[in-house]
Amino acid sequence: QKEVEQDPGPLSVPEGAIVSLNCTYSNSAFQYFMWYRQYSRKGPELLMYTYSSGNKEDGRFTAQVDKSSKYISLFIRDSQPSDSATYLCAMSLNYGGSQGNLIFGKGTKLSVKP
Amino acid sequence: GAVVSQHPSWVICKSGTSVKIECRSLDFQATTMFWYRQFPKQSLMLMATSNEGSKATYEQGVEKDKFLINHASLTLSTLTVTSAHPEDSSFYICSEGLETQYFGPGTRLLVL
């Protein structure tokens, strides 16, 4: 079983739809959870960063972490064509920034059709 | 979040030559930076941790003599791909941060 599982898609939705992206993981010790957005031929851009369980909202984006189920989600409301990208989940045991121990999902490719 | 730049954004070279990629932290003094490689339709793979003023730490399976890393200042880390071969063609991305990682725009390398 891989440490982080993420459905690669592709996922195609009409403009304005609510998008749900998900990752499951096996290591219950993960404490920091992130979502990155990566446009084609660009570096990943940090969207959301969450510590432990709970919800976090930022504009049209909501991140949820359910540690009991080892499941994290990213919701995008009122999706726009500019949201078309690959979304990567990532997680770490501790401070992933300075210690480099981020574990990534394979990414879900999202396409939002006008 | 942190701002990271990379140069060049893309490079084409002949097999057997060496290529240097620069990673700069523009607003943060980074004692630690990271180098990743990403093949098409794959996720990011950590290659090595670049430590300012000391040797880099390489992940298992990454040849340290082939991928030379230098982190001579708090704002600059370089990755040199030595004697590049076509199989080294990939997207190389650096990152830095504290609580999480912020990535540079990436460098696309094509070895002919």
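Going residue by residue through the range B:17-26, is there one that turns out to be at pLDDT 95 or above, open to solvent by 50 Å² or more (accessible area, probe 1.4 Å) and acidic (Asp, Glu)? Yes: the range B:17-26 contains one or more residues that are at pLDDT 95 or above, open to solvent by 50 Å² or more (accessible area, probe 1.4 Å) and acidic (Asp, Glu). Pairs meeting the criteria (first residue in the range A:65-78 and at pLDDT 95 or above, second residue of a type in the set (Lys, Arg), beta carbons under 6 Å, at least 6 apart or on different chains) are A:ILE76/A:ARG60; A:ARG77/A:ARG60; A:ASP78/A:ARG60. Of all residues being of a type in the set (Asp, Glu) and touching a strand residue (DSSP E or B) at 6+ places or on another chain (Cβ under 6 Å) in the range B:65-112, which is modelled with the lowest pLDDT? Just the residue, please. Selected residue: B:GLU96.
Could we say that A:LYS113 is within 9 Å of chain B (Cβ to nearest Cβ), open to solvent by 70 Å² or more (accessible area, probe 1.4 Å) and on the phi < 0 side of the Ramachandran plot here? Against the criterion (within 9 Å of chain B (Cβ to nearest Cβ), open to solvent by 70 Å² or more (accessible area, probe 1.4 Å) and on the phi < 0 side of the Ramachandran plot), A:LYS113 does not qualify. For the range B:10-21, the criterion of a residue being touching a residue at least 12 places away in the same chain (Cβ under 8 Å) and farther than 15 Å from B:ASP88 by Cα is satisfied by no position.
Within the range A:86-104, residues that are facing another protein chain (nearest Cβ under 8 Å) sit with their Cβ atoms under 6 Å from residues that are modelled with pLDDT under 70, at 6+ positions apart or across chains, in these pairs: A:LEU102/A:GLY96. State whether the residues of the range A:17-30 include one that is at pLDDT below 95 and under 30 Å from B:CYS23 (Cα atoms). Yes. For the range A:2-52, the candidate set comprises residues that are of a type in the set (Val, Ile, Thr) and more than 11 Å from chain B (Cβ to nearest Cβ); within that set, the residue that is most open to solvent (accessible area, probe 1.4 Å) is A:ILE18.
The residues on offer are B:MET33, B:MET47, and the sole one that is more than 24 Å from A:GLU5 (Cα to Cα), surrounded by 20 or more Cβ atoms within 10 Å (Cβ to Cβ) and within 11 Å of the chain's Cα centre (by Cα) is B:MET33.
Each row is one residue, and each column tells you yes or no for (1) assigned to a loop (DSSP other than H, G, I, E, B); (2) away from every other protein chain (no Cβ under 14 Å); (3) open to solvent by less than 30 Å² (accessible area, probe 1.4 Å).
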| residue | (1), (2), (3) |
| --- | --- |
| B:GLU63 | yes, yes, no |
| B:ASN70 | no, yes, no |
| B:SER77 | no, no, yes |
| B:THR80 | no, yes, yes |
| B:SER83 | yes, yes, no |
| B:PHE91 | no, no, yes |
| B:CYS94 | no, no, yes |
| B:GLU99 | yes, no, no |
| B:LEU110 | no, no, no |
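On the basis of being modelled with pLDDT under 95 and either exposed (fewer than 15 other Cβ atoms within 10 Å of the Cβ) or within 10 Å of the chain's Cα centre (by Cα) (or both), does A:TYR87 make the cut? Taking the combined requirement at face value, the residue does not satisfy it. Residues of the range A:75-91 that are under 16 Å from A:TYR49 (Cβ atoms) and among the hydroxyl-bearing types (Ser, Thr, Tyr): A:TYR87 alone. The residue that is farthest from the other protein chains (Cβ to nearest Cβ), counting only those in the range B:13-55 that are in a strand (DSSP E or B) and charged (D, E, K, R), is B:LYS20.
Given the criteria of a type in the set (Lys, Arg) and closer than 20 Å to A:LEU88 by Cβ, does B:ARG37 qualify? When the stated conditions are applied, B:ARG37 passes them.
The values are calculated or read from the model by the stated rules, or taken from the named source; none is laboratory data. Keep in mind that this is a model prediction, so the values were computed, not measured. So basically every Cβ, Gly included, is an ideal-geometry build from the backbone, and we count neighbours across all protein chains shown. Heads up: the accessible areas ignore ligands, DNA and RNA and are worked out on the full protein's heavy atoms, side chains in. Shrake-Rupley method; radii C 1.70, N 1.55, O 1.52, S 1.80 Å.
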